[in-house]
Amino acid sequence: MAGMEVLGRNCNVIPVASGQPFKMREASSALVVVTGVSTTSVSITERSSFGGGDTNLACIKNLYYSTAVNGTAAWGKITYVPGVTIAGLYLTGLPAQTFLFSALNTYTSLTITQVAFTLFTTELSDPFNYLNVTMGGSGGVTCSVILSDLVHQRGPANLPILAA
């Protein structure tokens with residue numbers, strides 16, 4: 001049998017991450033995937049400890065979107081440009097202004113059903129170690145986080161608890 005297991009070697013996963021602070025310093029990046037997108041808002045904040053207070057974090061530069069959640073549609077890309085508003089999703093904590101996607105059902109005549117963006121550990125301020133991705137709105141929306149480029153490779157049973 002060829003290949004190696006990914007969990008613990010390359011990544012760690014938080015399947016339901018909205019409103020759940022998680023430790024970021026164990027990885028180089030976190031891929032945030034929001035599916036079932038309807039009218040919603042996504043806020044990114046950082047914390048110095050699990051129970052600490054939230055501070056807005058300006059960190060999203062590229063937002064990828066798709067019109068299908070089952071892999072049958074290609075990804076599109078939106079690059080953040082200060083001062084530009086795009087219809088669809090509200091993302092707060094961005095440089096210069098809120099990155100607005102109001103009424104996230106359409107973007108250039110496409111029905112958006114998922115968005116993804118990457119957060120990097122190097123963008124956290126010292127001494128902040130935790131991120132909190134909070135979603136609001138409606139429409140059966142889910143938010144998952146995949147931490148990648150782990151600092152220490154471990155067996156899945158020995159991975160650190162991220163939300164503690």
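The values are calculated or read from the model by the stated rules, or taken from the named source; none is laboratory data. Please read these numbers as outputs of a predicted model, since none were measured by experiment. We place every Cβ from the backbone using ideal geometry, glycine too, and count neighbours over all the protein chains shown.
Scan region 112-130 residue by residue and report those that are surrounded by fewer than 19 Cβ atoms within 10 Å (Cβ to Cβ) and assigned to a strand (DSSP E or B). Passing the criteria: Ala116, Thr118, Phe120.
Residue by residue, here is whether (1) more than 19 Å from Thr118 (Cα to Cα); (2) of a type outside the set (D, E, K, R); (3) touching an Asp or Glu at 6+ places or on another chain (Cβ under 6 Å) holds:
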position: Ala2; (1), (2), (3): yes, yes, no
position: Val13; (1), (2), (3): no, yes, no
position: Ser18; (1), (2), (3): no, yes, no
position: Pro21; (1), (2), (3): no, yes, no
position: Leu31; (1), (2), (3): no, yes, no
position: Ser48; (1), (2), (3): yes, yes, no
position: Cys59; (1), (2), (3): no, yes, yes
position: Ala73; (1), (2), (3): yes, yes, no
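Going by the structure shown, is Gly71 surrounded by fewer than 16 Cβ atoms within 10 Å (Cβ to Cβ), modelled with pLDDT of 85 or more and either assigned to a loop (DSSP other than H, G, I, E, B) or of a type in the set (A, V, I, L, M, F, W, C) (or both)? Yes, satisfied.
Inclusion of Gly93 among residues that are within 23 Å of Ile146 (Cα to Cα), modelled with pLDDT under 65 and small (Gly, Ala, Ser) is warranted.
What's the number of the only condition in (1) under 14 Å from the mean Cα position of the chain (by Cα); (2) modelled with pLDDT under 75; (3) of a type outside the set (Val, Ile, Thr) that Ala17 fails to meet? The one condition Ala17 does not meet is (2).
Conditions (1) surrounded by fewer than 13 Cβ atoms within 10 Å (Cβ to Cβ); (2) closer than 24 Å to Thr122 by Cα, marked per residue:
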site: Asn10; (1), (2): no, yes
site: Pro15; (1), (2): yes, yes
site: Gly19; (1), (2): yes, yes
site: Ala30; (1), (2): no, yes
site: Thr35; (1), (2): no, no
site: Arg47; (1), (2): no, yes
site: Phe50; (1), (2): no, yes
site: Gly53; (1), (2): yes, yes
site: Ile60; (1), (2): no, yes
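Contact map, region 42-53: first residue among the aromatic types (Phe, Trp, Tyr), second residue surrounded by 15 or more Cβ atoms within 10 Å (Cβ to Cβ), Cβ cut-off under 7 Å, separation 6 or more or different chains; pairs are Phe50/Pro21; Phe50/Tyr130.
Residue count for region 113-164, restricted to those that are closer than 24 Å to Trp75 by Cα and either in contact with an Asp or Glu (Cβ under 6 Å, 6 or more places away or on another chain) or of a type in the set (Asp, Glu) (or both): 1. Within region 131-164, the set of residues being surrounded by 19 or more Cβ atoms within 10 Å (Cβ to Cβ) and modelled with pLDDT of 90 or more comprises Leu131, Val145, Ile146, Leu147, Leu162.
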